[in-house]
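Worksheet: one structure, shown below.
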Amino acid sequence: MLHHKLDTVSVIALLLTLRGTAADDNITGEEEGTGHRCMHNDVAVPYDELPSMDVVHDLQTAHVAEVSNNTEGEGNKSKSVERKNVRFHIKYALGETCKGIGMTVPTYIKGTTKECTEDDVLTKWKLRSVKVMMEAATKFLSSALLVDPLEAVNVPGGKCSGVQVPKMTVPNADYVVFVTINPRPEEETTTVAWAAACRKDTRSGRPVVGHINFIPAAIQRNPSSLAEHVAMHELAHAIGFSDIAETMLRAPNGLGAKGSQRVYRKGLGKAVTLITSPKVLKVAREYYGCPGLDGVEVEDAGSEGTRGSHWKKRILFNEALVGSVTSGQLFFSPLTLAYFEDLGFYTANYSTAETGMTWGKGRGCDFLYQKCDSHPREWGEFCFRKEMFVSTCTLDRSSLGACDITTHPEDLPQLYRYFDDPRVGGSSAEMDYCPTVMGFVNAYCTAELGFAFMNVFGNEMGVHSLCYDSDVITSVFPNFPFAARCFPTTCTPSGQLLLRVQGRTVACPRDGKAGLGDTSKLKGVHGKVQCPPSENFCKNSGNGISKLQLASVADEVDGSSNTERIGHSLISPTPHTWNSEDMGSCSSRLACLKDIPPPFPACSLAARKVKECLGNDCPGSAQQWRYANEVGNSCLNPEGMVAMCMDGWRGVNELCGAVDPESKLGRSYRSMLPF
């Protein structure tokens, strides 16, 4: 598979010809060993084989859900049951996790075990990260799905997807999820989490008990929106998105054969399995602009853990329920909510769906029925150029990436040959080997990353950044060809994109159309920025407030305090509050500081690491680090410091605030932002 990899020496040697490619010795494209590949089918039990159990049904009318009532029979009686938001109860089962190097623990996969390495050991910060991800996942799915409420879930005890669980009664819950944090088998390298249902309700057939396992070696210190969406993906599997065609056939919703079918697609040259349930069809027909669509494809490629339990990646590239992650963001779309509703167990709250996905949107029936090499090149979903190391933006503008055309060791299947050389094609079987721009897995615009050479191109990565076609570069270098850059972005109430380049605002066309941004006010860098149409990024709500905005600049942009962020990034749960019980004494935390990278130019990254090591209650230790790294004097001259931070003003304020929270910079982050 294609390796987008540049080492540090190459960056120096190629700096005069580099076209904005993310420059770091760890930047890689999608390949074996990178990204997240779902292995759900390896651990899942088919729906009709799930053990049943009795739960305590609540026949009282709920007061929160604005949905139609269901009627539940009880002898000759019937009582109205109004559906309520599903209530999750999380139970952490950590008795068999890695507590030290050399222990042997279960992986909960096919009876295998693993000897614990340093990366496998569960630390306090890893547990905190898992709790953040689970909070985000349960919060989203609770708001998105409604169920007939239960008084209690009676867990019978025994094995749940390999983990021993106690007999217990959980009141005021509709679903009990057991969470483990155990390593993956030695041969498995790409999975970061997996999940399965364990029990279903005897009466309704709805899954009510499940298990999610997070791989400790893959846990991030500061879970990104992407990581939270992986947790949402796994929880969706546990509550019913599993073996999706077969489950739709067998779920007690009365659809039967109307829920899925297998058909031959002449334009694709193969038979495909489709979800054909009514609400899925309605959503898909509207999304693709294909009124006669007969169904939505189920994934038919990839590993055993991927096939059958995900949407087809070729047509739904960055939907949250595809089988592998190759983009900087995922969208939990109305399509997945429609699937859950068609099962009959759930009522969907479509207002919670993330509607920012554009892959295939409005392309019509040919996008679904014909091979990718027959599509107009200007559509942008697929790429057939051979300049593989020219960096460009992914279609959703979430990441720096490159076209993933690669030469395979053997001929590709006849169905998937798009080039004269039968070995040449895209890297992903799930994409039917259609080449597309794959995001560099550690150059997502929305991730806080520190690349020593990124600052020359004006990149600033963070949760609000988007990818732009640009030739911006620091003034000491000559003009460069257009390539990809990451810049923080916000929207005005009228739908105009504003972005920040090294502490200065660049305004895109006021009418929201594609065009060059106004770079006349840039200092220290020069070049142009090509702005995309704003309609996919500035979604105005009823009161005219843009839903894509920097929370820290909302007052400056639209005169309100509304900081809603929907579609571009999931609103994160309240951050963990640091305290000495979590972290130990200040002296015991000093060792952590040795692993912190130099503060310049990756200022935000250094600030975050200081925060992770010290928390908020060791000001003396923070001061020691500040003086040892000469941060204090730099903070006295913020105008000069901004030129040293690849993160611009944001990096200046975060770093100075981290080492001295009571300083002027520590208190005035918002006031110093240039918007």
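No value in this document is a laboratory result; all are computed from the given coordinates. From a predicted model like this one, the values you see are computed outputs, not experimental measurements. All Cβ positions, glycine included, derive from the backbone under ideal geometry; neighbour counts span all protein chains shown.
Summary of computed values
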{"item": "Ordering of 432-445, 353-366, 398-411, 116-129 by packing [mean C-beta count within 10 Å, highest first]", "result": "432-445, 398-411, 353-366, 116-129"}
{"item": "Charge tally in the Cβ shell below 12 Å around S260, where Lys, Arg are +1 and Asp, Glu are -1, S260 excluded", "result": "-2"}
{"item": "Whole-number D in µm²/s for region 249-352 (Stokes-Einstein; Kirkwood sum over Cα pairs; 4 °C, 1.567 mPa s)", "result": "91"}
{"item": "Contour minus Cα-Cα distance for T104 and D294 (0.36 nm per residue)", "result": "63.4 nm"}
{"item": "Whole-Å distance, taken between Cα centres, linking region 274-289 and region 185-224", "result": "28"}
{"item": "Protection proxy ranking of 168-176, 285-293, 320-328 - average other beta-carbon atoms within 10 Å, highest first", "result": "320-328, 168-176, 285-293"}
{"item": "Enclosed volume per residue, in Å³, of the convex hull spanned by Cα atoms of region 279-426", "result": "126"}
{"item": "Sorted by Cβ density within 10 Å, fewest first, the residues C645, C618", "result": "C618, C645"}
{"item": "Part-to-part distance (alpha-carbon centres) for region 400-426 and region 108-124, which is given in Å", "result": "36"}
